[in-house]
Amino acid sequence: MSEQKQTLGEFIIKNQSSFQYSSGELSSLLNSIRLAAKIVNHEVNKAGLVDIIGAAGDTNIQGEDQQKLDVYANDKFIQTLTKRNIVCGIASEEEDDFISINSQDKNHQNKYVVLIDPLDGSSNIDVNVSVGTIFSIYRRVTPVGTPVQLEDFLQKGSEQVAAGYVVYGTSTMLVYTTGHGVNGFTLNPAIGSFYLSHPNMEFPEDGNIYSVNEGNYIHFPQGIKNYIKYCQEEEGDRPYTSRYIGSLVSDFHRNMIKGGIYLYPQSSKNPNGKLRLLYECNPMAFLAEQANGKSSDGFTRTLDVEPTELHQRVPFICGSKNMVEKAEEFMRNAQ
Ligand code: P6P
């Protein structure tokens with residue numbers, strides 16, 4: 001009889017003692033993310049059907065006004081996080097400003113802020129390509145008992161207490177860290193439980209996959225151009241394989257399992273790159289470092305970048321340690 005795999009709920013409880021803060025709160029916070037992931041997963045998985053039926057008019061199969069899925073995902077994550085009386089603020093790619101959430105006693109006693117990209121890569125929904133949710137959790141830095149402030153969100157990535165993603169792919173997985181390694185849980189849709197399927201996930205130090213939108217090649221800095229040519233040269237274990245899904249979570253997840261590097265550099269079109277520091281790059285960088293990988297903008301460690309605004313963009317190079325260091329070497333040499 002195969003041993004029953006641990007559920008996400010069991011794993012959270014078993015490991016909450018390793019969490020340096022009031023562990024019950026983080027456990028409850030992670031459980032609310034788990035619930036939201038299941039709700040969004042249900043909607044994402046029938047998106048094509050809903051789209052087809054929705055095309056007959058402006059209502060979906062339930063007769064509700066059909067929402068764009070990223071707005072739907074945003075609403076569901078905000079609703080579930082708000083109900084748990086732990087979060088004092090939420091920032092989202094879908095919200096211009098942060099949302100202040102007061103505790104039930106109305107005395108602003110909640111201690112955590114959450115930053116989310118509720119449905120990253122949502123443009124892929126229409127072509128049935130996997131998408132993801134990315135989340136980042138901090139403790140507030142302003143005094144408990146006062147309304148949350150922007151500075152509670154503009155913290156360096158190194159201050160994160162937890163981060164993770166949900167990948168809505170051929171199976172739905174939730175992958176997260178609280179600073180003690182990275183663990184992956186796969187949803188069994190028949191019973192609605194996530195099971196520990198990928199314990200202690202780690203990037204191989206080397207890999208032979210590079211993920212970049214080569215359509216932007218002519219706009220890249222010379223160092224990135226030189227690195228891409230290096231990946232394509234016939235030497236040793238090169239040329240590498242080019243794999244770019246156009247969904248950060250999916251490219252990251254594959255590269256973490258197989259070994260690889262993801263690059264979204266600055267370019268003449270995107271002077272600071274495209275990806276957002278606070279709710280895309282920092283959580284993925286925290287996961288990468290916890291999984292023996294590396295992440296930078298080509299020069300500065302992603303987790304050391306000092307945030308200046310909620311939706312700021314940064315260049316992003318992330319993945320297998322030796323591959324990221326080789327890309328950084330090309331960036332330095334081209335200066
Ligand atoms: P491009 C999706 O919009 C996203 O934020 C990432 O998930 C993805 O890797 C990237 O942008 C794709 O951007 O410009 O290559 O289409």
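Summary table below
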item: Inter-residue pairs, beta-carbon under 9 Å, first touching a residue at least 40 places away in the same chain (Cβ under 8 Å) and among the acidic types (Asp, Glu) and in the range 103-128, second within 16 Å of the ligand (Cβ to nearest atom) and part of a loop (DSSP other than H, G, I, E, B), 6+ apart; result: 117/93; 117/94; 120/93; 120/247
item: Residues (over 17 Å from the mean Cα position of the chain (by Cα) and either buried (at least 23 other Cβ atoms within 10 Å of the Cβ) or outside the structural domain of residue 112 (by TED's automatic domain parsing) (or both)) located in the range 159-194; result: 194
item: Matching residues, the range 107-142, being within 16 Å of the ligand (Cβ to nearest atom), surrounded by fewer than 19 Cβ atoms within 10 Å (Cβ to Cβ) and of a type outside the set (D, E, K, R); result: 123, 124, 127, 128, 129
item: Some residue of the range 153-160 being away from the ligand (no atom under 16 Å from the Cβ), part of a helix (DSSP H, G or I) and in contact (Cβ under 8 Å) with a residue 40 or more places away in the chain; result: yes
item: Only one of 278, 303, 310 that is at pLDDT 95 or above and buried (at least 21 other Cβ atoms within 10 Å of the Cβ); result: 278
item: Pick from the range 130-171, criterion in contact with a strand residue (DSSP E or B) (Cβ under 7 Å, 6 or more places away or on another chain) and of a type in the set (Gly, Ala, Ser), ranking: farthest from residue 246 (Cα to Cα); result: 162
item: Residue match in the range 244-253 (condition: farther than 30 Å from residue 97 by Cα, over 16 Å from the mean Cα position of the chain (by Cα) and not assigned by TED's automatic domain parsing to the domain that holds residue 109); result: yes
item: Residue count for the range 177-207, restricted to those that are more than 28 Å from residue 240 (Cα to Cα) and out of contact with any Phe, Trp or Tyr (no Cβ under 7 Å at 6 or more places or on another chain); result: 7
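The values are calculated or read from the model by the stated rules, or taken from the named source; none is laboratory data. Since the structure is predicted, the reported quantities are computational estimates derived from the model, not experimental observations. Because the Cβ atoms are built from the backbone with ideal geometry, glycine has one as well, and the counts that use them run over all protein chains shown.
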